[in-house]
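Contents: one structure, followed by commentary.
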Amino acid sequence: MALAEFSPCSYSRSQTLTSNLSSARSIAIDVHLFHRPRFSLRLRRQLNISCSVAPSQIQLPPPTVRPADAANKRECYGVFCTTYDLREDDKTKSWKSLISIAVSGAAGMISNHLLFKLASGEVFGPDQPISLRLLGSERSYQALEGVAMELEDSLYPLLREVSIGVNPYDIFEDAEWALLNGAKPRGPGMERAGLLDINGQIFAEQGKALNAVASRTVKVIVVGNPCNTNALICLKNAPNIPAKNFHALTRLDENRAKCQLALKAGVFYDKVSNVTIWGNHSTTQVPDFLNAKINGIPVKEVITDTKWLEQEFTERVQKRGGVLIQKWGRSSAASTAVSIVDGIRSLVTPTPEGDWFSSGVYTNENPYGIAEDIVFSMPCRSKGDGDYELVKNVEIDDFLRERLKKTEAELLAEKRCVAHLTGEGNAFCDLPEDTMLPGEL
Ligand code: LMR
């Protein structure tokens with residue numbers, strides 16, 4: 001995954017003039033004074049999403065203000081600098097109004113798969129035009145331009161705007177989705193506490209930027225590891241955005257678990273449902289075979305080899321990311337991008353009756369007795385409006401409970417280790433030594 005870097009930017013400004021067209025829609029005229037002048041008309045969608053976690057329920061870090069040196073540096077790219085009149089398109093196509101999607105680590109491998117899926121329409125649908133805001137680092141700037149060039153050459157009809165930049169305060173402006181892929185991988189000799197600190201600082205900064213400039217209903221999916229704790233840091237630094245809007249990606253683990261269960265049972269993986277990943281995206285994660293189903297039948301009735309379920313299956317899922325790194329020489333990228341798409345789709349389409357999906361979410365008022373105020377993967381359902389609710393009646397037996405305690409303890413230790421980044425005092429790192437990120441074998 002790419003390292004997101006931040007540096008002060010100084011040489012361009014942007015101004016947004018907004019005039020109301022009707023109560024439901026408005027046209028925003030963006031006049032960007034970059035190297036290339038850009039005048040674009042775009043329609044903004046009014047999202048109406050309710051959230052159950054009030055900002056007042058979380059302890060606030062120091063107030064976030066937009067740093068004075070955080071000047072705008074987002075540049076429209078190539079053909080996307082041309083004037084488009086989306087009102088004309090609206091007359092001929094029954095499209096929804098434009099949504100803005102910010103992607104960090106945009107020059108990295110995950111994004112290289114993800115961006116083209118977003119642009120093709122396979123994520124938000126064939127009637128949803130999108131604006132892509134690509135966040136990279138000074139070091140990756142040329143690669144960002146390369147990504148933008150490939151997006152240009154792909155002639156995606158739904159892709160109306162592409163802009164690139166290194167300043168999250170600019171890239172996240174009005175973003176309705178923020179897909180945070182950029183993070184530093186753990187290098188040789190680096191302690192886990194060091195990784196938590198380096199990446200935590202990135203996510204604290206991005207949380208502040210989201211808080212300052214993103215849409216108040218922005219949905220944030222944190223992919224960069226350690227994603228649960230990065231998501232916690234991010235939401236703590238964004239007190240004006242509901243904590244419920246932040247997710248840590250554990251969908252990849254759910255997909256991996258479904259694949260292993262299908263393999264063992266000799267069925268195609270679309271027959272596997274109700275799989276929860278509980279807890280941290282690390283080797284303490286708990287793939288739940290107690291509640292999972294194959295062809296609608298409890299997995300334990302289909303796969304009667306309990307030893308396999310408790311040991312081999314569980315470990316395979318927990319360590320899949322690491323085994324993959326050994327094969328590939330790098331982290332999973334394509335399957336991670338697919339799982340981000342699955343995660344978004346699960347929020348914007350109604351969950352099939354009786355099923356659920358896994359996501360790392362803020363734990364306040366959870367029905368499972370998981371410690372409050374951490375980001376923990378749990379079973380969720382959505383009505384398809386971008387919001388979700390926790391599934392409340394999932395069975396937990398002694399075996400499952402014991403493992404939940406271990407992954408919970410790890411997350412609480414990670415939280416203590418980043419207290420300086422969440423506004424909760426001095427950090428104290430007592431991370432368990434026998435646990436790892438999936439990629440750390
Ligand atoms: C994965 O699960 O494949 C990744 O999170 C591994 C990693 O550490 O990048």
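The values are calculated or read from the model by the stated rules, or taken from the named source; none is laboratory data. Remember, it's a predicted structure, so these values are computed and weren't measured experimentally. Cβ: placed from backbone, ideal geometry, glycine included. Neighbour counts: every protein chain shown.
Numerical summary
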{"item": "Complete set of residues in segment 198-225 that are of a type in the set (A, V, I, L, M, F, W, C) and within 16 Å of the ligand (Cβ to nearest atom)", "result": "ILE198, ILE202, PHE203, ILE221, VAL222, VAL223"}
{"item": "Candidate set from segment 222-241 (those that are farther than 14 Å from LYS415 by Cβ and either small (Gly, Ala, Ser) or surrounded by fewer than 24 Cβ atoms within 10 Å (Cβ to Cβ) (or both)); member that is modelled with the lowest pLDDT", "result": "GLY224"}
{"item": "Yes/no for LYS383 being over 16 Å from VAL272 (Cβ atoms) and either of a type outside the set (Lys, Arg) or over 22 Å from the mean Cα position of the chain (by Cα) (or both)", "result": "no"}
{"item": "Among residues of segment 126-142, those that are surrounded by fewer than 17 Cβ atoms within 10 Å (Cβ to Cβ) and in contact (Cβ under 8 Å) with a residue 40 or more places away in the chain, counted", "result": "2"}
{"item": "In segment 300-347, the residues that are touching a residue at least 60 places away in the same chain (Cβ under 8 Å), away from the ligand (no atom under 16 Å from the Cβ) and surrounded by 18 or more Cβ atoms within 10 Å (Cβ to Cβ)", "result": "ILE344, SER346, LEU347"}
{"item": "Boolean, VAL286 is touching a residue at least 12 places away in the same chain (Cβ under 8 Å), among the aliphatic types (A, V, I, L, M) and within 26 Å of PRO226 (Cα to Cα)", "result": "yes"}
{"item": "PRO350 being within 21 Å of the chain's Cα centre (by Cα), part of a loop (DSSP other than H, G, I, E, B) and away from the ligand (no atom under 16 Å from the Cβ)", "result": "yes"}
{"item": "Count of residues meeting criterion [β-branched (Val, Ile, Thr) and at pLDDT below 95] in segment 170-221", "result": "1"}
{"item": "Within segment 112-141, considering residues that are assigned to a loop (DSSP other than H, G, I, E, B) and of a type in the set (S, T, N, Q), the one nearest to PHE172 (Cα to Cα)", "result": "SER137"}
{"item": "Identity of the residue in segment 242-258, away from the ligand (no atom under 15 Å from the Cβ) and under 18 Å from VAL103 (Cα atoms), that ends up surrounded by the fewest Cβ atoms within 10 Å (Cβ to Cβ)", "result": "ASN245"}
{"item": "Residues that are part of a strand (DSSP E or B) and over 29 Å from the mean Cα position of the chain (by Cα), drawn from segment 275-319", "result": "ILE297, PRO298"}
{"item": "Filtered residue count, segment 182-239, keeping only those that are over 21 Å from SER137 (Cβ atoms) and among the charged types (D, E, K, R)", "result": "5"}
{"item": "Some residue of segment 271-282 being within 12 Å of the ligand (Cβ to nearest atom), at pLDDT below 95 and buried (at least 21 other Cβ atoms within 10 Å of the Cβ)", "result": "yes"}
{"item": "Conditions (1) among the polar types (S, T, N, Q); (2) within 16 Å of the ligand (Cβ to nearest atom); (3) in contact with a Cys (Cβ under 9 Å, 6 or more places away or on another chain); (4) within 18 Å of VAL103 (Cβ to Cβ): number failed by ASN230", "result": "(3)"}
